[in-house]
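Comments concern the structure below.
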Amino acid sequence: KAGVTQTPRYLIKTRGQQVTLSCSPISGHRSVSWYQQTPGQGLQFLFEYFSETQRNKGNFPGRFSGRQFSNSRSEMNVSTLELGDSALYLCASSLLGQGLNTEAFFGQGTRLTVV
Amino acid sequence: DQQVKQNSPSLSVQEGRISILNCDYTNSMFDYFLWYKKYPAEGPTFLISISSIKDKNEDGRFTVFLNKSAKHLSLHIVPSQPGDSAVYFCAARGTGANSKLTFGKGITLSVRP
């Protein structure tokens, strides 16, 4: 059974540009969550999508947005990139969504560098 | 406001000995707790979880203990192996508005051969 797939693995962008990251969850999983990991800050929750609806949102500015498609694949978009957006962006999928006792499975992440 | 805290940034233990990783939380609405392990350049891998109705859950070399009154949980690894060297994240969630997974900042475990 294929795991969570994130593309691309690495990305370099310049300040002011926008970027779109993609996540394909495990087959049958309907919940997709996105996290930002920076050194010393752990994993910061961005948002969760379940059945194409945003169900939870973290404390990030509106430049960070996402969506989920009918096949459960999800995209995350960051507009007007800033140097501080450089991070590892992780996607996690789970079977029934957060709030129930099922673990989340993570992809390998997309390493975004803003220069 | 850090709702899940892993106060020790690193831990070093001898191979074969016990590793004890600690985690504290502040949100009393959390009722499900998880530990993840992360190697560099990889996503976190689920290790073990515990529901708030239990105080212990064991899976092979890994045991998680939950003390709800102290809002504290710990992960015990016995015996520790060099392959266990990684960053370990504690995570917690509740229901409704607290349903998202909230992570600690992680602790780097080094197991010396």
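Taking segment A:14-46 as the range and being on the phi > 0 side of the Ramachandran plot and touching a residue at least 24 places away in the same chain (Cβ under 8 Å) as the test, the residues that pass are A:16, A:28. The single condition among (1) under 15 Å from the mean Cα position of the chain (by Cα); (2) assigned to a loop (DSSP other than H, G, I, E, B); (3) closer than 30 Å to residue A:9 by Cβ that residue B:30 does not meet is (3).
Among the criteria (1) free of Cβ contacts under 8 Å to residues at least 40 places away in the same chain; (2) surrounded by 15 or more Cβ atoms within 10 Å (Cβ to Cβ); (3) over 15 Å from the mean Cα position of the chain (by Cα), the one residue A:81 does not fulfil is (1). When restricted to residues that are touching a Ser or Thr at 6+ places or on another chain (Cβ under 6 Å) and either small (Gly, Ala, Ser) or within 12 Å of chain A (Cβ to nearest Cβ) (or both), segment B:32-70 contains 3.
In segment B:22-31, the count of residues that are in contact (Cβ under 8 Å) with a residue 24 or more places away in the chain, of a type outside the set (Ser, Thr, Tyr) and at the interface with chain A (Cβ under 10 Å from one of its Cβ atoms) is one or more.
Residues checked against (1) of a type in the set (Phe, Trp, Tyr); (2) touching a Phe, Trp or Tyr at 6+ places or on another chain (Cβ under 6 Å); (3) more than 12 Å from chain B (Cβ to nearest Cβ):
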site	(1), (2), (3)
A:3	no, no, no
A:16	no, no, yes
A:39	no, no, no
A:48	no, no, no
A:61	no, no, yes
A:69	yes, no, yes
A:80	no, no, yes
A:88	no, no, no
A:93	no, yes, no
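On the stretch given as segment A:51-98, residues that are out of contact with any Leu (no Cβ under 9 Å at 6 or more places or on another chain) and of a type in the set (Phe, Trp, Tyr) total 1.
Just to be sure I understand, how many residues within segment B:36-67 are of a type in the set (Gly, Ala, Ser), more than 12 Å from the chain's Cα centre (by Cα) and on the phi < 0 side of the Ramachandran plot? Going through segment B:36-67 one residue at a time, the tally reaches 3. Only one entry in A:82, A:103, A:75, A:48 is at pLDDT 95 or above and closer than 29 Å to residue B:9 by Cα, namely A:82. Of all the residues that make up segment A:68-78, how many are surrounded by 14 or more Cβ atoms within 10 Å (Cβ to Cβ) and over 12 Å from residue A:114 (Cβ atoms)? Looking only at that region, the number is 6. Among the conditions (1) touching a Lys or Arg at 6+ places or on another chain (Cβ under 9 Å); (2) surrounded by 17 or more Cβ atoms within 10 Å (Cβ to Cβ), residue B:36 misses just one, which is (1). Of the listed requirements (1) within 14 Å of another protein chain (Cβ to nearest Cβ); (2) surrounded by 13 or more Cβ atoms within 10 Å (Cβ to Cβ); (3) modelled with pLDDT of 95 or more, residue B:81 misses just one: (1). For segment A:32-51, the candidate set comprises residues that are more than 29 Å from residue B:108 (Cα to Cα) and under 14 Å from the mean Cα position of the chain (by Cα); within that set, the residue that is surrounded by the fewest Cβ atoms within 10 Å (Cβ to Cβ) is A:50.
The values are calculated or read from the model by the stated rules, or taken from the named source; none is laboratory data. From a predicted model like this one, the values you see are computed outputs, not experimental measurements. Heads up, the Cβs are rebuilt from the backbone with ideal geometry, glycines too, and the neighbour counts pull from every protein chain shown.
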